[in-house]
Amino acid sequence: MFCEVYLLDTPYHIDRPFDYSCAPGLIPGSIVRVPFGRSGRTRLGVVTKVKESCEIPEGVTVKGVAGTVSPVFTLTEEMLGLCFFLKEFTLCTFGEAVRTILPPGAFSDILNVRYRRTARLILSKEAVATLLSATGRSGIKSEGQRQVLRFLMDIGSSDFEVLKQLPTVTTAHINALRDKGVIAIDEDEEIRNPYSEYAKARDTSEIILSTAQMKAYDTIESLYSEDKPRAALLYGITGSGKTKVIMKAIDRTIADGKSVIMLVPEIALTPQTVSIFCSRYGERVAVIHSSLSQGERLDAWRRIRRGDVDLVIGTRSAIFAPLNNIGMIVIDEEHEHTYKSESDPKYHARDVASYRCGKHNALMLLASATPAVESFYKARTGVYTLVPLRERYGGASLPKAVIVDMREELRLGNPSPISQRLYNMLLDVKENENQAILFLNRRGYSSHISCKECGEVLECPRCSVSLTYHSVGGQSSLHCHMCGYRSPSPRACPSCSAEALSFLGFGTQKLESEMSKYLPEMTLMRMDADTTTGKLAYDRMLDDFRQGRADILLGTQMVAKGHDFPRVTLVGVALADTSLHVSDFRAAERTFSLLTQVIGRAGRATEDGVAVIQTFQPTNETIRLACRQDYDSFYEGEIALRRELSYPPFCDMVQLTLTADDEGELTRAADELSSIVKAKLEGEYSRLPFVVYGPFEAQIYKLNEKYRMRMMVKCKLNSISRRMFSEILCEFAKNRQVTLAVDLNPLTV
Ligand SMILES: [Zn+2]
Ligand SMILES: [Zn+2]
């Protein structure tokens, strides 16, 4: 027999199957060791095909498969298909796809499996008692062995580890008793489930839906029942209770004997969601995310593979969960950028979900209050079924949002980042014993330090970005938010030595110190990446705030996520402008979604909520529409603009990034890449519609000591254009000093 094997670690330009001979019985999907190259050193590979014969050029001998790695991780037919799908649609190597689909640690020889060993008596208690009292050769004299037997006579069986805790007992004593046939030792795979605690408080209550929610559910249910690949967009405004609708749909699917994957943008930011789902679906839930240990991830994977799980909740990579018989894949907050992988394979979870739903005849359910423009376009044009949910649940009204012109504040002589209006409203909150959230999408103290004498801007020595000034408890330092570089804060300008440094662009730390100056009577909690470093710091903070241990929760987008704080009646956006001016065609979309989410935090319960949006551009359309929570109008404006300027969804975008240590090499490589692309598009592929931009310097030209240049191609992605980009990658592989990365439809440009 022969088989085709893809190597796990191989450069893109030689990523193809190699023939090996093998013993009968080997199946496609097996992970194998094969000798490779002149040295014959063994490498890991995946069998993609088994065949009776293979064409052997004269004088060549086909080598044989050296061995197989644990069968636990054999890829199913669907998973092999997924690997080919990823390779074709993201231009990664087959091995990168395999490594993404399998849990980390799957390839180690010593499987990271823990066994729980239990010792139990084989002989009857009477027989053991005889042994213990017997003298001479038939008796047991070793004190360690005698202790083990006495212990087991009391309780019948015991954990191996517990026995070893007895005063004089060693492993040898226990093994000796086994060898004598007095006891047996059973081994059982021990599977870790760090979420089993949640499962103990089972919630089996029936889900009661409002009329509007019921209508949405009915549409979803009927799509699901078609038993064909279907896709729906649950477009539910904040506070409409879309989670309940999703839960009801999950109940329905599981009751049908099918399984569900539910993706969330970030586990750490959604502890409430996880606990709700774990307590509803108990031990049949697996949670997958990147902060699990390698062993925990492996165990979750094996539980799923064994069929012990009906519902997988997790972040992006959970989309590859090895479930059989998938009935539905839910992507909650589908517009979030975390669903797109930034490293190879650069896949979007939505595309993988769509592929898998196709294979399983399942329903893909996207949910969002501010859908990605591309998704809403598909819903409008009938590719997805649009399921609107426009009513706030429980009669709560949308929060009122007011815009405050910060230019006016300056004119009135108020230099602080808190307007008079917001200040007064914060005082009201305190008086009524309510709570407030204050949002600022910038951490640190000041994001920009420059010299008033010579104009020098303090930049990271490793990146072309300005350093952020951090000041906590009298300790001050400069941080680079891109590469993590840190240095002490200088007193004088490093360029001209003048003591004339000015600090601009306030962040959460400065806001915190200003607040305690102006509103000393209010207690404050700051939540950003700098205050939530411990594993549970984030959960604890949310909990403390919910318990009322602070009047104001101040922070970055972490405070904007789907938490329910019943006593929050005021939301302040300190500066709505921060994300507007990024030179990315999605900047408006991102700003709109973030502001909508933050404003939606106000008045989740019965109290009417108010949101105050401070900005230097009070007439900005995106800000105005976000204040009205008017996604439909925002979408209309945005889609018209994209159509006019030819941006997705009206075309695809491909980003080619060159990275090098040396600027000279980089410039030469950029010329070379440019002529390769030009030759393709004017030659073999001249019939493809395309527009090419660049090469130009990346927005952050220098990142962690490496220089980067880019080209951008607007085109229509299909099998032909993808082949062209694949060829470009292969041709460029000759250049060893400069690496080329291709991103099909990147989320940030
Ligand atoms: Zn200076
Ligand atoms: Zn840096």
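All of the numbers you see were taken from the coordinates with simple rules; none came from a lab. These figures come from a predicted structure and were not determined experimentally. Cβ placement follows ideal geometry from the backbone for every residue including glycine, while neighbour counts extend to all protein chains displayed.
Compute the helix-to-body angle for 537-546: its Cα long axis versus the longest principal axis of the chain, expressed 0 to 90° and rounded to tens.
That helix lies at roughly 60 degrees to the long axis.
May I ask you to order 682-693, 588-599, 224-235 by the average number of other C-beta atoms within 10 Å around their residues, highest value first?
Details: 682-693: 12.1, 588-599: 23.5, 224-235: 19.1.
Ranked from most to least packed, the peptides come out as 588-599, 224-235, 682-693.
Per 0.36 nm of contour for each residue apart, how much would the distance between Ala127 and Asp308 grow if the chain were fully extended, relative to their Cα-Cα spacing?
Working: separation 181, 0.36 × 181 = 65.16 nm, distance 4.02 nm.
That works out to 61.1 nm of additional length.
Just the number, please: percent antiparallel of the DSSP beta bridges in the chain, rounded to the nearest 5. Mind dumping the intermediate values first?
Working: 70 of 123 bridges.
Within the chain, antiparallel bridges account for around 55 percent of the total.
DSSP loop (so not H, G, I, E, B), at most 13 other Cβ within 10 Å: list which trypsin sites (Lys or Arg not before Pro) in the range 344-415 pass both filters. Could the numbers behind the result be given before it?
Working: sites: Lys346, Arg350, Arg356, Lys359, Lys378, Arg380, Arg390, Arg392, Lys400, Arg407, Arg411; in loops: Lys346, Arg390, Arg392.
Here the sparse-neighbourhood loop sites are Arg390.
Hey, what's the Cα Rg ratio for the range 2-101 versus the globular rule of thumb, 2.2 N^0.38 Å?
1.03
Quick one: compute the contact order of the chain, relative version, from alpha carbon pairs under 8 angstrom and 6+ residues apart, as a percent.
Values: 1398 pairs, mean separation 79.1, N = 749.
Relative contact order for the chain comes out at 11 percent.
What are the residues whose amide H is under 5 Å from the amide H of Ile613, where those residues sit 5 or more places off or on another chain and H is modelled from the backbone?
Those qualifying (amide H under 5 Å, at least 5 residues apart or on another chain) are Val402, Ile403, Val404, Val573.
Under 15 Å from a point placed 7 Å out from the Cα of Glu55 along the Cα-to-Cβ direction: which residues of the range 18-37 have their backbone N that close?
Once the point is set 7 Å along Cα→Cβ of Glu55, 18-19 turn out to lie under 15 Å by backbone N, inside the range 18-37.
Say a paramagnetic label sat at a point 7 Å from the Cα of Asp428, along Cα to Cβ; which residues of the range 557-572 have their backbone N under 14 Å from it?
Those under the cut-off are 569-572.
Provide the descending list of Cα extents for the chain along its principal axes, expressed in whole angstroms.
Cα extents, longest axis first: 102, 75, 65 Å.
How big is D for the range 403-511, in µm² s⁻¹ as a whole number, if Stokes-Einstein is applied with the Kirkwood radius of its Cα pairs at 37 °C and 0.692 mPa s? Before the final figure, lay out the partial values.
Working: Rh = 15.9 Å.
The Stokes-Einstein estimate is 206 µm²/s.
Each residue of the range 81-92 in order: what ³J(HN,Hα) in whole Hz does its phi give by Karplus 6.51 cos²θ - 1.76 cosθ + 1.60, θ = phi - 60°, with x for Gly and Pro?
In residue order, the calculated couplings are x, 4, 5, 5, 4, 5, 4, 6, 8, 10, 6, 9 Hz.
Given that compact globular proteins tend to follow 2.2 N^0.38 Å, what is the ratio of the alpha-carbon Rg of the range 123-181 to that value? Mind showing how you got there, number by number?
Working: Rg = 10.8 Å, N = 59, 2.2 N^0.38 = 10.4 Å.
Its radius of gyration relative to the 2.2 N^0.38 Å reference: 1.04.
If r is the Cβ-Cβ distance from Asp577 to Asp662 and R0 is 56 Å, what FRET efficiency results, to the nearest 0.05? Walk me through the intermediate numbers first.
Numbers: r = 38 Å, r/R0 = 0.67.
E(calc), rounded to 0.05, equals 0.90.
Report the calculated FRET efficiency for Arg462 and Arg723 (r = Cβ-Cβ distance, R0 = 35 Å), to the nearest 0.05.
The calculated FRET efficiency here is 0.40.
Would you calculate the separation in nanometres between label points at Arg628 and Lys215, each defined as 7 Å from the Cα along the Cα-to-beta-carbon direction?
Reported label-point gap for Arg628 and Lys215 is 2.2 nm.
With axes computed from alpha carbons, what is the tilt in degrees of helix 587-599 against the longest principal axis of the chain, rounded to the nearest 10 within 0 to 90?
Relative to the chain, helix 587-599 is tipped by roughly 80 degrees.
Would you please give the FRET efficiency between Val162 and Ser275, computed as 1/(1 + (r/R0)^6) with r the Cβ-Cβ distance and R0 = 30 Å, to the nearest 0.05?
On the way: r = 31 Å, r/R0 = 1.05.
Efficiency computed from Cβ-Cβ geometry: 0.45.
Along the principal axes of its C-alpha atoms, what lengths does the range 652-744 span, in descending order and rounded to whole Å?
39, 25, 17
For q values of 0.21, 0.25, 0.35 Å⁻¹, compute log₁₀ I(q)/I(0) with the Debye formula on a Cα-only model of the range 634-674, without solvent.
The Cα Debye sum returns log10 ratios of -0.66, -0.78, -1.11.
Under a cut-off of 17 Å between alpha-carbon atoms, report the lysines in cross-link reach of Lys517, not counting same-chain residues fewer than 8 places apart.
Lys430
Order the peptides 318-324, 132-138, 258-264, 467-473 from the highest to the lowest mean number of other Cβ atoms within 10 Å of their residues.
Ranked from most to least packed, the peptides come out as 258-264, 318-324, 467-473, 132-138.
Where Rh is the Kirkwood radius over the Cα pairs of the range 196-394, the temperature 10 °C and the viscosity 1.306 mPa s, what D in µm²/s does Stokes-Einstein return? Write down the numbers at each step before the final one.
Numbers: Rh = 16.8 Å.
In µm²/s, the coefficient is 94.
What full-extension length gain, to one decimal in nm, is calculated for Arg120 and His337 as 0.36 nm per residue of separation minus the Cα-Cα distance? Write out the running numbers ahead of the final one.
Details: separation 217, 0.36 × 217 = 78.12 nm, distance 5.34 nm.
Contour length minus the Cα-Cα distance gives 72.8 nm.
From the P(r) of the range 482-581, can you give the percent of Cα pairs sitting at distances over 20 Å?
Numbers: 2578 of 4950 pairs.
That fraction is 52 percent.
List every residue whose amide H lies under 5 Å from the amide H of Thr523, counting only residues 5 or more places away in sequence or on a different chain, with H placed 1.01 Å from N in the peptide plane.
Under 5 Å from the amide H of Thr523 lie the amide H atoms of Asp551, Ile552, each far enough along the sequence or on another chain.
Students often get this wrong, so check it: of Lys359/Lys680; Lys346/Lys734; Lys678/Lys714, which have C-alpha atoms separated by over 24 Å? Could you put the intermediate results ahead of the total?
Values: Lys359/Lys680 35 Å; Lys346/Lys734 22 Å; Lys678/Lys714 14 Å.
From Lys359/Lys680; Lys346/Lys734; Lys678/Lys714, over 24 Å: Lys359/Lys680.
Pairs of alpha-carbon atoms within less than 8 angstrom and 6+ residues apart define the contacts here; what relative contact order does the range 652-744 have, in percent?
Values: 143 pairs, mean separation 43.5, N = 93.
In percent, rounded to a whole number, it is 47.
Separation of the range 201-245 and the range 688-749 by C-alpha centroid, Å?
Here the answer is 41 Å between Cα centres.
Taking 0.36 nm per intervening residue step and subtracting the Cα-Cα distance, what contour gain separates Thr381 from Arg407 on full extension? Could you put the intermediate results ahead of the total?
On the way: separation 26, 0.36 × 26 = 9.36 nm, distance 4.19 nm.
Answer, rounded to one decimal: 5.2 nm.
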